[in-house]
Structure formats: structure tokens, C-alpha cells
Amino acid sequence: MTTQTRVPILVHSLLAPLRREIAPYARQVLVIVPACVVFAILTAPDSPLLVRVAVGVTAAAGATAAVIDWHTFRLPDAVVVPGMVLTMAALALAQLIRLAGLAEPALLEPESSGRFLPALLGAAALGSGWALLWVLGRGHLGFGDVKLAVLLGLTSGWFDWSTVWWTGALPLLFAGTFALMLLATRRAERTTPFPLGPWMLLGWLSALVATGTV
């Protein structure tokens with residue numbers, strides 16, 4: 001088998017699981033994902049191009065996963081993991097360009113200091129926090145939520161620690177409010193599960209706005 005034939009096979013093997021996850025909810029994905037991507041990118045108008053790409057990738061992966069989670073109570077690896085890899089790659093390249101001085105500093109950095117190490121630390125912080133909730137939840141929280149937290153923590157950490165904080169705190173506030181509303185209207189019981197992915201995405205988007213990224 002030649003290299004020319006191996007590449008398409010590899011690409012197909014990577015994209016096939018993604019297509020399978022999206023296919024049942026394609027219409028919703030086609031509406032919700034572009035809206036989230038545009039909104040997220042608009043929150044960082046002065047950021048470097050590659051940082052905006054990272055924000056867009058995070059929004060696309062997060063919104064796609066949230067749609068699937070809403071219907072299936074799963075945050076599939078086929079969506080979240082590629083989003084993590086692409087986001088990390090975009091931020092790493094942005095940092096390398098900054099360090100190499102290949103563009104004017106004004107075009108590379110917003111006023112807030114974006115760096116790759118804080119992005120990794122932000123991902124680790126949110127991932128650790130949600131991992132603790134996963135352990136304490138005893139089956140009420142999926143490990144997919146932990147992986148999504150890592151994804152959202154990358155761009156949050158790039159901007160600043162207040163964004164990381166609100167990205168972690170706001171989903172709990174939103175999800176808790178939603179759960180109380182369901183209980184108050186008797187549409188759910190205390191043991192009724194509901195997806196956290198959509199609230200994590202909403203919390204991340206809200207954090208970008210609330211911390212002055214916009």
C-alpha cells in the first residue's frame with residue numbers, strides 16, 4: 001500500500017466515527033454550531049488569528065458535543081478529542097509565532113497576555129475540578145464532561161484565570177438553576193439525569209463575555 005492510498009484511508013478512519021455521531025442530529029448541528037462559532041469568535045476580535053481559530057474550533061466541537069449530549073447523555077470522544085488536539089495545536093502555533101517574532105506584537109497579542117503554558121494549566125485546572133466532581137458524583141457525572149472541561153479550559157487559560165474560574169463556575173450555576181426549575185414544575189425527580197454538556201458550553205461562552213474578552 002502506497003502513501004497516497006494510506007492517507008485517504010487514515011482520513012476516512014478518523015472522520016467516520018465523527019460522521020456517525022453527528023448524522024442523527026445533523027440539522028440541529030448545522031444550525032447551532034455555526035451560531036456558536038460566530039458568537040465565540042466575536043468575543044475575541046483583537047486576538048491573534050490562530051487564537052480565534054482555536055476559539056472557533058472549541059466552539060464547534062463543544063456545540064456539536066452539546067447537541068449530542070442533549071439527546072444521548074454522551075459527550076463522544078470522536079467529537080471532543082479532535083477538538084482538543086486542534087485547539088492545542090492552534091494555540092501552540094500562536095505561541096511559537098509570538099516567540100519567534102514573526103509578526104508585529106500588536107497583531108499577535110491582545111492587551112491580556114495570552115500564553116500556551118497558562119492554556120495548559122487552565123485545561124488541567126478545569127479537568128481536575130470536573131474529575132473530582134466525577135469521582136464524588138458516583139455515576140451521576142460522565143467522564144465525557146471531564147474531557148469537555150479540558151477542551152474549554154485551553155482557550156480559557158489562554159485569556160486569563162478569571163475566564164477559567166467562570167468557565168468552571170457558571171455551568172454549575174446554570175445546570176443547578178435548570179434542575180431546580182424541573183423539580184419545581186414536577187417535570188423531574190431528584191434522581192432524574194440531565195445533560196451537562198450544553199450548560200458547560202453556555203458557561204464557557206458566558207465567561208468569555210463576562211471577563212471582558214469581548
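Here is a yes/no grid of residues against (1) over 22 Å from L202 (Cβ atoms); (2) under 17 Å from the mean Cα position of the chain (by Cα); (3) surrounded by 14 or more Cβ atoms within 10 Å (Cβ to Cβ); (4) modelled with pLDDT under 85:
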residue	(1), (2), (3), (4)
I9	yes, no, no, yes
I41	no, yes, yes, no
A54	no, yes, yes, no
A59	no, yes, yes, no
G83	no, yes, yes, no
T87	no, yes, yes, no
P110	yes, no, yes, yes
- Taking first residues from the range 61-74 that are at pLDDT 95 or above and second residues anywhere that are surrounded by fewer than 24 Cβ atoms within 10 Å (Cβ to Cβ) and of a type in the set (S, T, Y), the pairs with Cβ under 6 Å that are 6 or more apart or on different chains are V67/Y25
- Task: Take A106 and decide whether it is surrounded by fewer than 21 Cβ atoms within 10 Å (Cβ to Cβ), touching a Phe, Trp or Tyr at 6+ places or on another chain (Cβ under 9 Å) and either at pLDDT 95 or above or of a type outside the set (D, E) (or both).
- Result: no
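Each row is one residue, and each column tells you yes or no for (1) of a type in the set (A, V, I, L, M, F, W, C); (2) over 12 Å from G122 (Cα atoms); (3) surrounded by 20 or more Cβ atoms within 10 Å (Cβ to Cβ); (4) in contact (Cβ under 8 Å) with a residue 12 or more places away in the chain.
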site: H140; (1), (2), (3), (4): no, yes, no, yes
site: G153; (1), (2), (3), (4): no, no, yes, yes
site: F159; (1), (2), (3), (4): yes, no, yes, yes
site: G168; (1), (2), (3), (4): no, no, yes, yes
site: M181; (1), (2), (3), (4): yes, yes, no, no
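The values are calculated or read from the model by the stated rules, or taken from the named source; none is laboratory data. Computed from a prediction, not measured in an experiment: that's the story for all the values here. Ideal geometry is used to build each Cβ from the backbone, glycine not excepted, and the neighbour counts take in all protein chains shown.
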